[in-house]
Amino acid sequence: MPVSLVQQIEQDMKTAMKQKDKQVLSTLRLLRATIKKEEIDKRTTFSDDQVLDVIVRAIKQRRDSVAEYTRAGREDLAEKEQSEIDILTRYLPKQLSESELRALIQETIEAVGAKTKKDLGKVMGAVLPKVKGKADGKTVNQLVREYLE
């Protein structure tokens, strides 16, 4: 039986404890705490899809932090955030290549009959669920805009 995402995170936390890998351990503890908090808030146990949403959000927050720290000249903090991104991306599904993403976007544009930039929302609404966790939303948005111009 396949291991759930939460179980995998907990196993990796135990491994990090045994190996005394403080960076991995603190990142995974924070992720696990975030997942637990959201489960309590919503009064449910999360499925792998919902856990994936939490991971994607955590990565996005860290990417924003890296940009801010770099802008402020704090490379030490930017590197720490980047290493956390590297740890968290292990739990994402295999990322789509740009060519796979472009093909998916073109198919979707044809399927929804999009012609102009006004159809951006319609296309994004159809593409994002298909690429959930497999591609960055900003990249998808840029490519959709490129095709609709």
Can you list the lysines whose alpha carbon sits under 22 Å from that of LYS94, skipping same-chain ones fewer than 8 residues off?
LYS60, LYS130, LYS132, LYS134, LYS138
Please give the residues of the range 63-91, grouped as numeric ranges, whose backbone N is less than 14 Å from a label point set 7 Å along the Cα-to-Cβ vector of GLN23.
76-90
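Based on the alpha carbons, how large is the Rg to Rh ratio for the range 81-149 when Rh follows Kirkwood?
On the way: Rg = 13.2 Å, Rh = 12.7 Å.
That ratio equals 1.04.
If you take every residue apart from MET17 with its C-beta less than 13 Å away from the C-beta of MET17, what net charge results, scoring Lys and Arg +1 and Asp and Glu -1? Working shown, then result.
On the way: positive: LYS14, LYS18, LYS20, LYS22, ARG29, ARG32; negative: GLU10, ASP12, ASP21.
Surrounding charge for MET17 is +3.
FYI, it's all coordinate maths here, none of it is from the lab. Keep in mind that this is a model prediction, so the values were computed, not measured. Here the Cβ is made from the backbone with ideal geometry for all residues, glycine too, and neighbour counts use every protein chain on show.
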